[in-house]
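Read through the structure below, which is laid out as structure tokens, and then see the notes.
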Amino acid sequence: MWRVLSRFSLCRSYIHLRFSSLSAGSSRGKIFRHDSPPSIWSLLRLNGGYARLFSDNSTVPVGDFDLADKDDPSKIVEIASGEFYDDRTGGLAAEDGVFGDSFDFQTDSFSAGEGDIVAAEAREISPEELESVLSLLQSTADGSLESTLDSLHLSLCEEFMMKVLETPLISGENLIRFFRWALSKPSEFEVSFTTVGALVRSVCRGDPPKKDVYLVWDLVREIGMKQKGEALLDVGILNELLAAFSRLGKGRAALEVLDKFDELECVPDSMSYYFTIYALCKRKSYELALPVCEKMLTAGILPEAEQISNIISWLCQGRLAKNAHSLYSTAKEKGKLPSQSAMNILISLLCRDDETVKFARDMLGDISKEARRYAIKPFSAVISGLCRSKDLDEAKSLLHEMVEAGPPPGNAVFNSVIHGFSKAREMNTALEVKTTMELRGLKPDLFTYTVIISGFVSGGDMEEACKLLKEAKQKHKKLSPVMYHTLIRGYCKLEEFDKALGLLREMKSFGVEPNADEYNKLIQSLCLKALDTETAEKLLEEMKESGLFLNGITRGLIRAVKELQVEELAIEELPQIEA
């Protein structure tokens, strides 16, 4: 039909032209015989792109014309496909009857099919009617809208509806009311896919009021349910609604739209699932987002890598590590690897559970060589998770892999592995890792020495623990209170109280002030194991001078032990008195 209208309009615009001589020669070749009068066609010849316009065949190439026979002025010259210029009548004859009988340039008359001209005129939009409707819709916000529209007696063709629906600065509510009013005039307006789509796009653009989005969804659902089989809706229209609900954070409404796809004879695509998951996760309704994600995976429909990265991040916020990893694995199989930031979030979450840390370990192999250089956080998280789950051999293997291929491990990574082996009392391996640390130019910090000393103390090897203490004194001017606390506890456990007291006196010289815990542990050991209340009372006096407070239980313990000692002395003296 657009070809009919274009032909008709172009012919009328040039109807005043008369025949005159046409100069010979053209870069495209002559269309008419050299002595045939020029017409609109001679002008079109100068722009061969219009050849398609006057052809019913859209594949006709530019300049695809047959030259006129110079010797036969009555010969009909074929133009493109199916249309001819007749030199005998000076008019245009169309093989398919599109242009009627002829267009006579001598009399300025045009004869076309009656139905085509009526259709063309019927599509003309009255500017006055359009202006009236737009003014009404941009200003009316009361119940008089429908009655005013009735009084205008509008011609509701599709072009008119599109002009109204695509006009900005009209509230979504008024557009919906106008569309409902048009639907109530079935004899004047026939709803179409184009008009429904324009309505939804206009209402949902930007940040629409939630009321308008709900209203347009009710209307779309009503149209789809009442006129099934007419292809008035598609996934694009429904996705516009899902996108609007997701921006508004209306998760349940988005889920309702997705659930209605089958009834509305539409098939959800990857963005349908994405918008629904986004809307649900925005409301922290992770328990509802999870089935949608599983349905998406079952259908084998995945969005692009950027959207997959977002979904993984949202699932991780809901602590759904296993489900996020399932999505990651499927995306990897389809060549849609998520972003590095999403991978880091997922790896970190997987490392919190001993059952899933192995998944995180496998994911490290998917990090690109370039990104690996800066991926110290995910590697550190996996090291910590492996040590916590007591998979120390794998942790050591990963550490050596980091040393060889990066990212370069720092003190924190080495300390995690050393701590793991120290807790397992595999002290030789812990010392081996410490040596590797030093060979890489890293200086063992106080935590390094503390965890190794703790490992030796737990095994009762105080001699090796003291060697580490001596090394720490040489490399650090100020030591850790925890280090001394660990050693004091170790000596108290072995009832070597003199050495424990010696460490307590030594602490101040290395910038460490004894706290109540050291005094408390030592006093309790002296009372319970050595029954040395005299030394315990001296320590109590030291605490008072240092401004430390000893808890009531330990104070009571000193008194109780002292009373027992007095009673024992009294019992020992009784036989001597009787004698």
Scan of the range 185-198 for residues that are under 28 Å from the mean Cα position of the chain (by Cα) and without any contact (Cβ under 8 Å) to a residue 40 or more places away in the chain, ordered by number: Ala198
Given Met462, Met437, Met427, which one is within 27 Å of Ala516 (Cβ to Cβ) and at pLDDT 90 or above? Met462
Residues of the range 376-393 satisfying the condition of being open to solvent by 60 Å² or more (accessible area, probe 1.4 Å) and either over 27 Å from the mean Cα position of the chain (by Cα) or closer than 14 Å to Asp354 by Cβ (or both): Arg388, Lys390, Asp391, Asp393
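Assigned to a loop (DSSP other than H, G, I, E, B) and crowded, with 23+ Cβ neighbours inside 10 Å: is that true of Pro338 in this structure?
Taking the combined requirement at face value, the residue satisfies it.
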Requiring at least 1 residues that are at pLDDT 95 or above, the helices (runs of 4 or more DSSP H) wholly within the range 356-417 are 357-363, 376-388, 392-405
Got a number for residues in the range 521-533 being touching a Leu at 6+ places or on another chain (Cβ under 9 Å), open to solvent by 30 Å² or more (accessible area, probe 1.4 Å) and in a helix (DSSP H, G or I)? 2
Taking first residues from the range 308-331 that are surrounded by fewer than 20 Cβ atoms within 10 Å (Cβ to Cβ) and second residues anywhere that are at pLDDT 95 or above and of a type in the set (Gly, Ala, Ser), the pairs with Cβ under 7 Å that are 6 or more apart or on different chains are Ser313/Ala342
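Determine whether Leu503 is assigned to a helix (DSSP H, G or I), modelled with pLDDT of 85 or more, open to solvent by less than 20 Å² (accessible area, probe 1.4 Å) and not small (Gly, Ala, Ser). Give the steps one after another, and end with the answer.
Values: assigned to a helix (DSSP H, G or I): yes; modelled with pLDDT of 85 or more: yes; open to solvent by less than 20 Å² (accessible area, probe 1.4 Å): yes; not small (Gly, Ala, Ser): yes.
Taking the combined requirement at face value, the residue satisfies it.
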Considering (1) in contact with a helix residue (DSSP H, G or I) (Cβ under 8 Å, 6 or more places away or on another chain); (2) surrounded by fewer than 24 Cβ atoms within 10 Å (Cβ to Cβ); (3) not aliphatic (A, V, I, L, M), say which one Ser422 fails and leave the rest. (2)
Yes/no for Glu495 being surrounded by fewer than 20 Cβ atoms within 10 Å (Cβ to Cβ) and not in a helix (DSSP H, G or I): yes
Among (1) among the acidic types (Asp, Glu); (2) part of a helix (DSSP H, G or I); (3) open to solvent by 10 Å² or more (accessible area, probe 1.4 Å), there is one condition Glu513 misses while meeting the rest; what is its number? (2)
Residue list for the range 257-287, restricted to those being open to solvent by 70 Å² or more (accessible area, probe 1.4 Å) and under 28 Å from Lys226 (Cα atoms): Asp259, Asp262, Glu263, Glu265, Val267
Just to be sure I understand the filter: pairs with C-beta atoms under 8 Å, separated by 6 or more residues or on different chains, first member in the range 499-518 and at negative phi, second member open to solvent by 10 Å² or more (accessible area, probe 1.4 Å) and among the charged types (D, E, K, R). Which pairs pass? Met507/Glu513; Phe510/Lys473; Phe510/Lys477; Phe510/Lys478; Val512/Lys478; Pro514/Lys508
State whether one or more residues within the range 169-176 are out of contact with any Lys or Arg (no Cβ under 8 Å at 6 or more places or on another chain), open to solvent by 20 Å² or more (accessible area, probe 1.4 Å) and in a helix (DSSP H, G or I). no
Taking the condition of a type outside the set (Gly, Ala, Ser) and in contact with a Lys or Arg (Cβ under 8 Å, 6 or more places away or on another chain), does Leu540 pass? yes
Of all residues in the range 288-302, which are assigned to a helix (DSSP H, G or I) and open to solvent by 40 Å² or more (accessible area, probe 1.4 Å)? Leu288, Pro291, Glu294, Lys295, Leu297, Thr298, Ala299
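The values are calculated or read from the model by the stated rules, or taken from the named source; none is laboratory data. Everything numeric in this text was worked out from a predicted model, so none of it was measured. Neighbour counts run over all protein chains shown; Cβ positions are idealised from the backbone, glycine included. Heads up: the accessible areas ignore ligands, DNA and RNA and are worked out on the full protein's heavy atoms, side chains in. Shrake-Rupley method; radii C 1.70, N 1.55, O 1.52, S 1.80 Å.
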